[in-house]
1. May I ask you to say which residue of 276, 282, 246 is among the polar types (S, T, N, Q), in contact with a Ser or Thr (Cβ under 8 Å, 6 or more places away or on another chain), in a helix (DSSP H, G or I) and under 21 Å from residue 75 (Cβ atoms)?
2. Between a residue in segment 253-271 that is farther than 12 Å from residue 32 by Cα and any residue that is assigned to a helix (DSSP H, G or I) and hydrophobic (A, V, I, L, M, F, W, C), which pairs come within a Cβ distance under 6 Å, given they are 6 or more apart or on different chains?
3. Return only the number of the condition from (1) free of Cβ contacts under 8 Å to residues at least 24 places away in the same chain; (2) part of a helix (DSSP H, G or I) that residue 220 does not satisfy.
4. Select from segment 162-178 the residues that are over 16 Å from the mean Cα position of the chain (by Cα) and assigned to a helix (DSSP H, G or I) and write down the one among them that is nearest to residue 231 (Cα to Cα).
5. For residues that are under 22 Å from residue 222 (Cα atoms) and in contact (Cβ under 8 Å) with a residue 40 or more places away in the chain, scanning just segment 90-111, find the one that is surrounded by the fewest Cβ atoms within 10 Å (Cβ to Cβ).
6. Say we look at segment 145-158 and pick out the residues that are without any contact (Cβ under 8 Å) to a residue 60 or more places away in the chain and among the aromatic types (Phe, Trp, Tyr); which of these is surrounded by the fewest Cβ atoms within 10 Å (Cβ to Cβ)?
Amino acid sequence: MKKTESRVLVAMAFPAFAIYAFLYLYPSLSNVYYSFQRWDGVTKPEFIGLHNFTYLATNDDLFMKVLGNNFRFSFIVVIFQTLLALLFATFLLKNTKTSIALRIVFFFPTILSSVSVGLIWNFLYDPNFGFINAMLKSVGIPGLNWLGDTRYSLYAIALTQVWFHTGQMVVIYVAGLQQIPQELYEAAEVDGASRWQQFKNITWPMALPTTAVVVAYTTIQTFRAFDLVYSMTQGGPLNSSDMLVTLIYNTAFSSYKWGYASAQSIILVFVVLLLTYLQRRTLRLNTGEK
């Protein structure tokens, strides 16, 4: 009976595993294979060992610049998106009609496509007719070329990313904060604790597990923000807003260096894994967990 039951379970799981293997496992293993090859996507691959990785680490200045862009972009978005989401969630915690309506409003941008959001903000950032420059000029501040200036393009996209996904993180925070026992706040009020003291000693420590989820998810979002970046600047000007995902795309589809692009994508995976591990480790230490 146990053997028959095991065969039935394997048979039931096989279709899902076959789809997973075809769509994820096989492409991932192929990517690892091609990272050790020199391949233009057409001719026969040539095995070159670790050359792609050593060249990335020692000779590719553009890759290092783009990696720095991605770190700055991720840092800005993670900090501001997390803080804003926690702030909004704190005020929208109660299940009143107004709070529920505002949660829907904040969450709405998340259901839009990245390209749509990019086109909307392209119009807002337009140096001649954009709403942002018009507002600045109305108070006597000269307008800026937000997406066409190497000094501002990365930060302009970071602001768009924060606007795009903060509402999604608000919903996650609301779900986490609603799990905090109300008795803790009632006891704190009896002891005369202020709202800030309640937040510092109850809300923030109890919200750290949710914060770990929000920070990890936001970090992953910032390293895969291809659609938004490509629709707004395509990585320009002068690679000032290039991210690893746009660089990998250009390496493969513009320069036809598929093997080199595979090596870049593997580095991207390891960077994201390392960052998320360090974030979870840091938040666990703050909660006293080992």
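1. Values: 282 fails: in contact with a Ser or Thr (Cβ under 8 Å, 6 or more places away or on another chain); 246 fails: in contact with a Ser or Thr (Cβ under 8 Å, 6 or more places away or on another chain).
Step by step, each of 276, 282, 246 is checked, and only 276 is among the polar types (S, T, N, Q), in contact with a Ser or Thr (Cβ under 8 Å, 6 or more places away or on another chain), in a helix (DSSP H, G or I) and under 21 Å from residue 75 (Cβ atoms).
2. Partner pairs satisfying both residue conditions: 268/244.
3. (1)
4. The initial filter retains those residues of segment 162-178 that are over 16 Å from the mean Cα position of the chain (by Cα), namely 171, 173-178.
Filter once more, so that each one left must be assigned to a helix (DSSP H, G or I): 171, 173-177.
On the way: 171: 27, 173: 29, 174: 31, 175: 32, 176: 34, 177: 35 Å.
The residue in question is 171.
5. Within segment 90-111, the first condition is being under 22 Å from residue 222 (Cα atoms), and the residues that meet it are 106-111.
Applying the additional criterion that residues be in contact (Cβ under 8 Å) with a residue 40 or more places away in the chain yields 106-110.
Details: 106: 21, 107: 16, 108: 10, 109: 17, 110: 15.
Filtering segment 90-111 for residues that are under 22 Å from residue 222 (Cα atoms) and in contact (Cβ under 8 Å) with a residue 40 or more places away in the chain, the one surrounded by the fewest Cβ atoms within 10 Å (Cβ to Cβ) comes out as 108.
6. 152
Yes/no matrix, rows are residues, columns are (1) surrounded by 19 or more Cβ atoms within 10 Å (Cβ to Cβ); (2) in the same structural domain as residue 110 (by TED's automatic domain parsing); (3) outside any helix (DSSP H, G or I):
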{"residue": "143", "(1), (2), (3)": "no, yes, yes"}
{"residue": "160", "(1), (2), (3)": "yes, yes, no"}
{"residue": "180", "(1), (2), (3)": "no, yes, yes"}
{"residue": "196", "(1), (2), (3)": "no, yes, no"}
{"residue": "201", "(1), (2), (3)": "no, yes, no"}
{"residue": "252", "(1), (2), (3)": "yes, yes, no"}
{"residue": "255", "(1), (2), (3)": "no, yes, yes"}
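Yes/no per residue for (1) modelled with pLDDT of 95 or more; (2) of a type outside the set (D, E, K, R); (3) within 20 Å of residue 150 (Cβ to Cβ):
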residue	(1), (2), (3)
220	no, yes, no
235	no, yes, yes
241	no, yes, yes
253	no, yes, no
274	no, yes, no
277	no, yes, no
280	no, no, no
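The values are calculated or read from the model by the stated rules, or taken from the named source; none is laboratory data. None of these values were measured; they are calculated from a predicted model. A quick note on method: Cβ atoms are made from the backbone with ideal geometry, for glycine too, and the neighbour counts reach across all protein chains shown.
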